[in-house]
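The values are calculated or read from the model by the stated rules, or taken from the named source; none is laboratory data. In this text the structure is predicted, and so the values were computed from the model without any measurement. For neighbour counting, all protein chains shown are included, and Cβ atoms are generated from backbone atoms with ideal geometry for every residue, glycine included. Ligands, DNA and RNA are stripped out before the accessible areas are found, and what is left, the full protein with its side chains, is counted by its heavy atoms. Shrake-Rupley method; radii C 1.70, N 1.55, O 1.52, S 1.80 Å.
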Amino acid sequence: MVPIRCRRFKFRAMEALNAAFVGDDGKTVVIDSIPSSTVQLTPLKPEIDYSTARKRPQIGAALAAAFSAFLLGTTLGWSSPVQPQLQQIAGANETTLKMMWNIRLDDDQMSWVGSLLNIGALFGALCGGFLMDTFGRRFILMTMTSPYIIGWLMISLAIDSSMLYVGRIIVGFSGGVCSAIAPCYIGEISTPTMRGIVGFFFSVNLASGLLVTSLMGLWMDWRWISVICTIEPIVFLIGLIFIPESPYYLIKKGRQDDACGALCWLRGSSYNIKSELYQIECRVQEDDKEAYQLSDLYQPWLLKPILIGVVLMTLQQFSGLNALSFNAAEIFRVADFTFNRLICVVIINAVQVLSVVFSSTVLVKTFNRRLLFITSEGLACLSMLCMGLFFFNLDTSNAQMMAHFKWVPLTSMIVFFAAIGLGLGALPWLISSEILPPRFRGPGSSIIAFTNFAMSFAVTKTFVDMQRVMTHAGVFWFYAGVSFIGILFGLFLLPETKDRTSNQIQAAFKTNGT
């Protein structure tokens, strides 16, 4: 009998793994009856029964890693509720000390406070892939709590705009690193049947962070909001202590015993981990034999997944996601909305959380990724068309007539953020983590996350300038046009990844590329 050897793991054919072998003619070969030297044998990767794997440990590990998205959500959502406080007109009787403590920013300074986060994040995204492949997914996520705390302390104690700028860049760097690593970690520790559900945890936490920050903005001073944001990374660190490292990373580093323990923790004692360990081990061997080179970027099996991820992130941001999140309160002010605009921000963030939860618990199990993406882009397109139409008539029509349509901005924003929750917010991250080849997952995640934050910076920093050049209506119609392009992309170019293993997805890219 011919033994199969995978580094430190040894399995015997037809025994431990029940592996089958086929000859060149495609027929099954009985190994005991035919000498191995007389026929070329090709091992088939064993089918893995994921039904016996426990779900609760996977959910716990995914939630712990996805809490990094909650930190990012509070960071992204911070600027909208604190903007009215930071742009208040200084009182005539304020002392110099009080004026230093009560910072006042103009429109340009406020736009930098909102957008500089993305500068730090895009540099963090570039570093994230290298760091996680060198030091491990879990370890780097844990170390990112330190710059988070430092950055938020600078913001909490800021006495001028420069301290706010530096603090936002630092917390943005941590957010960028975590956003490149957390989706990758979640994808590696989850089974194919659970990947769709836990993949939405990142988006759920991101939306929850936005909601919590907007709620605090209703009644708290911006400094106390910043203090609470300083404490949140400690909770993140505690959660990471109790979860294992990615089994793929551990095997890649030759730590098979640790990988075995990690899989036992993630899958439960009733699950037979041998087949999955063997599959991961062979995948690592393949990756080591074919270490990626710069020239690989021109190969379809790598170029296509990266381009798809880059396009998804570009569509997400230029649909207006972060531009509307950062400037929601200001948009309601320009629309002359009579209701409390901070409450409106809370409403749209709550809608986003509810839609993400509904999508991750119901829709993602029933519908495929492409349909959810196309539907969410369609709703985003419709809502931005309505917003543009409202502002166009507000600028050109009788103000008294438009008073009867003041419900349009809030309704359109609710529909837009519901669309974000249904798929446009989470799916670009989820699909990108699914389609990247394992051996290029680190650099690939960095490239895609870099694209997201670069596009976010461009959208948020130019939002005010675009309004001056294109008018308010023109900006929203521009976002509607990008969403329509997203619909076409989903219909004709976006691959389906639901319930497919990493090997199946990569095989499809290689087949289509030949």
Return yes when Ala380 is part of a helix (DSSP H, G or I), surrounded by 23 or more Cβ atoms within 10 Å (Cβ to Cβ) and at pLDDT 85 or above and no when it is not. yes
For region 142-160, pairs from a residue that is free of Cβ contacts under 8 Å to residues at least 40 places away in the same chain to a residue that is open to solvent by less than 10 Å² (accessible area, probe 1.4 Å), with Cβ under 6 Å and 6 or more apart or across chains, are Pro147/Ser174; Gly151/Gly167; Gly151/Val171; Met154/Gly167
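Residue-wise test of (1) of a type in the set (A, V, I, L, M, F, W, C); (2) at pLDDT 90 or above; (3) under 28 Å from Lys253 (Cβ atoms); (4) open to solvent by 50 Å² or more (accessible area, probe 1.4 Å).
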site: Gln279; (1), (2), (3), (4): no, no, yes, no
site: Arg283; (1), (2), (3), (4): no, no, yes, no
site: Asp287; (1), (2), (3), (4): no, no, yes, no
site: Ala291; (1), (2), (3), (4): yes, no, yes, yes
site: Ser295; (1), (2), (3), (4): no, no, yes, yes
site: Tyr298; (1), (2), (3), (4): no, no, no, yes
site: Trp301; (1), (2), (3), (4): yes, no, yes, no
site: Met313; (1), (2), (3), (4): yes, yes, no, no
site: Gly320; (1), (2), (3), (4): no, no, no, no
If you scan region 207-232, which residues turn out to be small (Gly, Ala, Ser) and either more than 25 Å from the chain's Cα centre (by Cα) or part of a helix (DSSP H, G or I) (or both)? Ala207, Ser208, Gly209, Ser214, Ser226
Going through region 244-274 one residue at a time, which ones are assigned to a helix (DSSP H, G or I), farther than 20 Å from Gly60 by Cα and open to solvent by 20 Å² or more (accessible area, probe 1.4 Å)? Lys252, Asp257, Lys274
Among the numbered criteria (1) of a type outside the set (S, T, N, Q); (2) in contact with a helix residue (DSSP H, G or I) (Cβ under 7 Å, 6 or more places away or on another chain); (3) on the phi < 0 side of the Ramachandran plot, which single criterion is violated by Leu488? (2)
Is there any pair with a first residue in region 342-366 that is free of Cβ contacts under 8 Å to residues at least 24 places away in the same chain and farther than 18 Å from Ala328 by Cα and a second that is open to solvent by less than 20 Å² (accessible area, probe 1.4 Å) and assigned to a helix (DSSP H, G or I) whose Cβ atoms are under 6 Å apart and which are 6 or more apart or on different chains, and what are they? none
Hey, does region 47-67 have a residue that's at pLDDT below 85, open to solvent by 40 Å² or more (accessible area, probe 1.4 Å) and either of a type in the set (Asp, Glu) or not in a helix (DSSP H, G or I) (or both)? yes
How many residues does region 354-373 contain that are open to solvent by 30 Å² or more (accessible area, probe 1.4 Å) and within 18 Å of the chain's Cα centre (by Cα)? 5
I'd like to verify a number: residues in region 197-217 that are modelled with pLDDT under 90 and surrounded by fewer than 23 Cβ atoms within 10 Å (Cβ to Cβ), how many? 1
Given (1) more than 22 Å from the chain's Cα centre (by Cα); (2) surrounded by 21 or more Cβ atoms within 10 Å (Cβ to Cβ); (3) closer than 30 Å to Lys365 by Cβ, identify the lone condition not met by Gly490. (1)
Of all residues in region 260-291, which are of a type in the set (A, V, I, L, M) and over 19 Å from Met142 (Cβ atoms)? Leu263, Ile273, Leu277, Ile280, Val284, Ala291
Only one of Ala458, Ala454 is open to solvent by 30 Å² or more (accessible area, probe 1.4 Å) and over 14 Å from Gly187 (Cβ atoms); which? Ala458
